[in-house]
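Here the structure comes first, spelled out in C-alpha cells, and everything after it is commentary.
The values are calculated or read from the model by the stated rules, or taken from the named source; none is laboratory data. Computed from a prediction, not measured in an experiment: that's the story for all the values here. Cβ coordinates were reconstructed from backbone atoms using ideal geometry, including for glycine residues, and neighbour counts include every protein chain displayed. The area values use the complete protein model at the heavy-atom level, side chains included, leaving out ligands, DNA and RNA. Shrake-Rupley method; radii C 1.70, N 1.55, O 1.52, S 1.80 Å.
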Amino acid sequence: MNKRTGREKKTLLAMMRIYCRNKHKGGNALCSECIELLDYAYKRIDGCVLGDKKTTCARCAIHCFKSEYRMRIRKVMRHAGPRLIFKHPVLTVYHMLDSQKK
Ligand SMILES: [Zn+2]
C-alpha cells in the first residue's frame, strides 16, 4: 500500500462515518450497508491500475466502480464532503490536493 491510497482510504472511512451517523443513525461503527460499500471501495482502490498516479476516486471512480456503487459513493461524498473539513481539516486539504492531480 502506498501513501496515496492509504490517505484515500482514511478519507473515505472518515466520510463514511459521518454519512452513516447522520443518515443511518449509526454510532461509531458503520452499519452493514456502509461496511459493504467501504469494503467494495477499498478493493477498487487496491486494484486500481493507476496506483500512486491516480487521482481521488471521486474523479477516477468513473472507470472502475460499478454504477450502483458509484452512485452510493457519490451520495456519501456529497453529504460528508463539506462536513469533513471541520472534522478532519488536514485530511481534507490533502484530498483536495490529490484531486487536483491529473
Ligand atoms: Zn450506514
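For this structure, a couple of remarks:
- Annotation: extensible slack from ASP39 through SER67 equals 8.5 nm (criterion: 0.36 nm per residue apart, minus Cα-Cα distance).
- Range of Cα positions in the stretch 1-42 per principal axis (Å), largest first: 33, 16, 12
- Spatially proximal aspartates and glutamates relative to LYS75 (Cα-Cα < 19 Å; intrachain offsets below 8 disregarded): GLU8, GLU33, GLU36, ASP39
- Anisotropy class of the stretch 63-102 from Cα gyration tensor, a/c 1.5 cut: oblate
- Of LYS25/LYS66; LYS43/LYS66; LYS25/LYS87; LYS23/LYS66, those spanning more than 24 Å from alpha-carbon to alpha-carbon: LYS25/LYS66
- With each label modelled as a point 7 angstrom along the Cα→C-beta vector, the ARG78-ARG7 pair spans 2.7 nm.
- Between HIS24 and SER99, the C-beta separation translates, for a Förster distance of 35 Å, into a calculated FRET efficiency of about 0.85.
- Surface listing: ASP46, ASP39, ASP98 arranged by accessible area from highest to lowest gives ASP46, ASP39, ASP98, probe 1.4 Å.
- Residues MET16, MET71, sorted by accessible area with the largest first, give MET71, MET16 [1.4 Å probe; ligands and nucleic acids excluded].
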